[in-house]
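Since every read-out is calculated from the coordinates, none of them should be taken as a lab result. Just so you know, these numbers come straight off a predicted model, no measurement behind them. Quick reminder, even Gly has a Cβ in these numbers, built from the backbone with ideal geometry, and neighbours come from all protein chains shown.
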Amino acid sequence: MSNETTVVGRGTGAGETHRVRGLVNLVAGIVIVAAVVFGVVAGAGAIWHKVTGTTPAPGATASAAAPATASSAVAVKLEINPPPLGGVKGAGGVVQDAFVPGSFTMTVGQTYDITMYNYDTQSHSWMSPDLNVSVVAPAGSASSPSVTHFTLKPTKAGQIQWFCALPCDKTAMATNGFMRGYVTVKA
């Protein structure tokens with residue numbers, strides 16, 4: 001089978017040959033790249049669990065942990081760009097995209113029921129390869145945030161990086177305490 005198409009020009013009757021192989025390869029490449037991007041965004045190979053526990057927003061402390069639920073799992077609430085600012089003030093008083101809290105503490109072997117509320121009009125993710133977690137929070141709004149649940153049970157102690165893998169606020173993605181931070185896991 002040939003990868004060429006012959007087009008007969010009007011008026012001259014002469015045949016013109018156009019190669020379509022490059023176009024076919026381009027389209028195939030775009031489809032493959034789109035599939036890879038979709039797989040990363042959707043959290044391919046990640047742990048996805050639906051839980052029902054939620055808790056009120058944590059106080060001004062650095063810990064996101066709330067009292068244990070009846071199942072002995074600790075409820076954690078993460079908010080993305082919560083009102084009234086729609087983010088967190090960064091350098092120069094500029095409001096940047098942010099997870100609140102940006103960093104918190106957990107304990108090895110304890111199960112955590114995590115609920116993410118996304119008040120932003122674009123999707124964000126909470127990803128940590130060292131914790132084997134990649135979760136996408138769909139877009140929401142200030143008046144109707146999307147709600148995403150997952151569970152997490154740390155298996156090793158240390159300071160573990162998490163980050164948003166979906167491009168959003170360039171400064172916030174590069175700055176701890178905004179679209180990236182740490183989970184300090186105690187033994």
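Close amide H contacts of Val133 (hydrogens built in the peptide plane, cut-off under 5 Å, sequence separation of 5 or more or a different chain): Ser128. Amide H to amide H distances under 5 Å link Ser146 with Asn118, Gly140, Ser141, where only residues 5 or more positions off or on other chains count and H is placed in the peptide plane. Amide hydrogen proximity for Ser125: with H placed 1.01 Å from N in the peptide plane, the residues at 5 or more positions away or on another chain lying under 5 Å are Ala137, Ala165, Leu166.
In a DSSP loop and with at most 14 other Cβ atoms within 10 Å, the trypsin sites (Lys or Arg not before Pro) in the stretch 150-187 are Lys156.
Across the stretch 97-109, rounded Karplus estimates of 3J(HN,Hα) from the backbone phi angles (6.51 cos²θ - 1.76 cosθ + 1.60, θ = phi - 60°) give 4, 7, 8, 10, x, x, 9, 7, 10, 9, 10, 4, x Hz, Gly and Pro being marked x.
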